[in-house]
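Bear in mind these aren't lab numbers, they're just calculated from the coordinates by the rules spelled out. Just so it is clear, the structure is predicted and the values come from calculations on it, not from any experiment. FYI the Cβ positions are ideal-geometry reconstructions off the backbone, even for glycines, and counts take in every protein chain you see.
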């Protein structure tokens, strides 16, 4: 009689992707799980097979420091994206400033979490190679943002508060 070891049991929805979400801000309460869910849905929607992606929700001070360091502009911005040289394994990093989203949302009577979700989508699209400098690129970016936002809404995968 041959003895065999039983195969380990794995969770049904196990993924080999690593989605890193960090928060170093206090402007907006964002649930990390909702950010992971949104990113997972975006990766599936765009059929991206990368192994890792990182999203950082940062303070206004931090986004200003990053903006100055890498773009020689000390003003606050919504998000800054750093694509990877090896997107098949690490897609890249997106730094998002919820304080900017909150201020913009208040000024335009929008929901701050939905605005932050839009920044998440915007940064994600930059990682995929979408641009927004030229008018034609910007138009394409806006169309794709709307399409991705609609997908997250249908999937019930918008950012949520804690």
Coordinate range along principal axes, alpha carbons of the stretch 40-117, Å, largest first: 38, 29, 14
Exposure proxy ranking, count of Cβ atoms within 10 Å, fewest first, for 32, 72: 72, 32
C-alpha long axis of helix 32-45 to longest principal axis of the chain, angle in °: 80
If R0 is 35 Å, what FRET efficiency do you get for residue 24 and residue 46 from their C-beta distance, rounded to 0.05? 0.80
Treat the chain as a sphere of radius equal to its Kirkwood radius over Cα pairs and apply Stokes-Einstein at 37 °C in a medium of 0.692 mPa s; give the translational diffusion coefficient in µm²/s, rounded to a whole number. 196
Which of 94, 21, 58 has the fewest Cβ neighbours within 10 Å, and the rest in rising order: 21, 58, 94
Quick one: if the Förster radius is 25 Å, what FRET efficiency do residue 147 and residue 68 give, using the C-beta to C-beta distance and rounding to 0.05? 0.15
With axes computed from alpha carbons, what is the tilt in degrees of helix 60-71 against the longest principal axis of the chain, rounded to the nearest 10 within 0 to 90? 90
Could you work out which residue, out of 101, 135, 27, moves most in a Gaussian network model of the chain, that is, has the largest mean-square fluctuation with Cα springs under 10 Å? 135
Determine which residues of the stretch 115-142 fall in the zone a paramagnetic label at residue 17 would reach in this model, i.e. backbone nitrogen under 18 Å from the point 7 Å along Cα→Cβ. 117-130
Between 0 and 90 degrees, rounded to the nearest ten: what's the tilt of helix 112-127 against the longest Cα principal axis of the chain? 70
